[in-house]
Each structure stands twice: as structure tokens, then as C-alpha cells.
Amino acid sequence: MLSRREAILLAIEGGVVASVRGASRRGARIGLQLFSVRKQCQAGLPKTLSTIAEIGFEGVELAGYYGHQPAEIRQLLADCGLTCCGAHVPFDFLTEQRRSRTLDFHEALGNSSLVIPGLPSAMTTGADDWVRIAGMLTDISQALQRRGMCLGYHNHAVEFCGEPGSRPWDLLFNNTDRNVFVELDLGNAGYAGADPIAALTRYPGRVRMVHVKDYTADKPDVTIGEGNMDWRKFFPVCANIARTEWFVIEHDSDPAAGLSDIAEQLRRFRQEEIRAAG
């Protein structure tokens, strides 16, 4: 486990110090998608959350519960000073038959942002399927709103296949209620050949959460600063058009690295923000 001193040192390069605790200077807060550290969470959720907080993340997005009850997770997060900024919830758990139990779980957890992480390929064989699903997401969103919650959708590469306007991503968000928010995965969009900056501007005010990744034409997830992402344009677009509330870093972490690779992703992201502001 990193000491606080080690975590701070990882945030220093060339005399430029990035705050490890303060919120982003452009308004959005920075969290970590726990899928990045799923093996570490499985081995010990309390220790992993404590290290995440020590590194400097302000919140986490859940992708599983690792055998813990919602009240336990809520207390673990509170003990570390972390916010639950959202959770990935499979579509099946939000169908009418299972929805009430799912919402009760997240209410006890203290989470109000439920994000569908993608859809089974069998559900999306053509354009008509995406339009039909858009209607279903609107219905789910309205049910969540009655409980003080909101629904989001997270993209993979498939949503960006095709021409702008007729891609699954456009069919989905053109036909959903505006309260269905976008969780744009930069790496998946860029890897699919889309321009992530253009995607951020496509639905103003709806990109509440961004999965922060860098990417190349061959990989949807590379170390921040070593790919094709235009970070200088990214920050002002998120602040002024997308109105992003959370930057959620996602990057597979080697358990043997002790989360130092996740700390490095945060350090690089902070550095890109400073460069963009300059």
C-alpha cells in the first residue's frame, strides 16, 4: 500500500505539483472506475478503497460489490472520505421485474447514478433495436427519477460504428429523454474511429460522466499522454458544453504494482489539465 508521502511524490514532475485532494479547477471531480482495480477489490475492498483515497481520488464508480452489503460499502466509502459517483448496473437488473430490488440496494448504498455499462449483442442486431431500447431507457429513467435517481449509458466501440447521425450512439440518445445522461468512454469512442471531442459536443449538457482514457487506433486504453486524445480541447469542452460533473479514470491496474499505475494515471491527468489551462 502506498504511503501518503509516496502518493504525493507520484504527483510531482519537473516542479509542477498537482493537487492530490482538491477538486478539478474546471468544476468536475475526479473518480476511479473500480473495474480498473477489480482484482484488488476482490482481494480486499477496505484496503483498496483506503489506498484510492490516499492517492487522491475523490470518488469511485462501482462495478460490482465484492460480497459486501450496501450499508457496508456506504460506510467503507464514508470512512475513506470517498463519494460514490455512480455504479454500473446491468440492463437486466433494471427491468420491471427486478427494478425495485435494485433501486432499494442503491438507495441503501447512497448511490443515485445508475449507469448501464452496455447491452448484449443479441439485443442490438439492427437500427430498430436501438430505437426500441431508447424507449425502454426512457421508461427506466422516469422510474428512477421517481426515486430521486438518474440513468446513464456507457458506450463501447460498437455504438460508434457507422455514419454520424445513424450510428447506434446517435439512435440511442436522439430517441431517449434528455434525463438519460451520457457516460462517454473516450477510449472506446476513439478506438472505434470517432472523434471524442465531437462526441462531447453532440449532446450538450448530457455528458455528466466521462470515462477518462487515452487511446490509439489499435488500443482503447493506453497510458494518459501516450495516445491520440486531444487533452487541450477536452477540458474546456467538458466545462462549457458537456457540463461534465465527474471525470472517471479507467485503466487496468496490475495488482502487483500496488496501485502505483493508477496513481500515475491520476498524476498524468492532472498534468494535462494544467497544460490545457496554460
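Dividing the summed helix terms, -39500 (n - 2.57) for each DSSP H run of n ≥ 4, by the number of residues in the chain produces a 222 nm estimate of -12000 deg cm²/dmol to the nearest 500. The calculated P(r) of the chain, using every Cα pair and 10 Å bins from 0, goes 7, 30, 36, 22, 5, 0 in percent. Per-residue 3J(HN,Hα) values for the range 208-219, derived from phi via the Karplus relation 6.51 cos²θ - 1.76 cosθ + 1.60 with θ = phi - 60°, read 5, 10, 10, 7, 7, 9, 9, 8, 10, 5, 9, 9 Hz in sequence order (x marks Gly and Pro). What the Cβ-Cβ distance of R243 and A43 gives, at R0 = 41 Å and to the nearest 0.05, is a FRET efficiency of 0.65. If you take all other residues with their beta carbon under 15 Å from the beta carbon of D195, and give Lys and Arg +1 and Asp and Glu -1, the sum is -1.
Note the full-extension length gain between A198 and E96 as 0.36 nm times their separation in residues minus their Cα-Cα distance, in nm to one decimal. This chain segment gains 33.3 nm when fully extended. Quick one, can you get me the convex hull of the C-alpha atoms of the range 173-278 expressed as volume per residue in Å³? Taking the convex hull of the Cα positions in the range 173-278, it is 100 Å³ per residue.
What is the log10 of I(q)/I(0) for the range 101-242, computed with the Debye formula using one identical point scatterer on each Cα and no solvent, at q = 0.14, 0.15, 0.17, 0.22 Å⁻¹? Rounded to two decimals, the profile gives -0.67, -0.77, -0.96, -1.37.
Read-outs: derived from the displayed coordinates by stated rules, not from any lab. These numbers come from a predicted model, not from an experiment. Backbone-built Cβ (ideal geometry, glycine too); neighbour counts: all protein chains shown.
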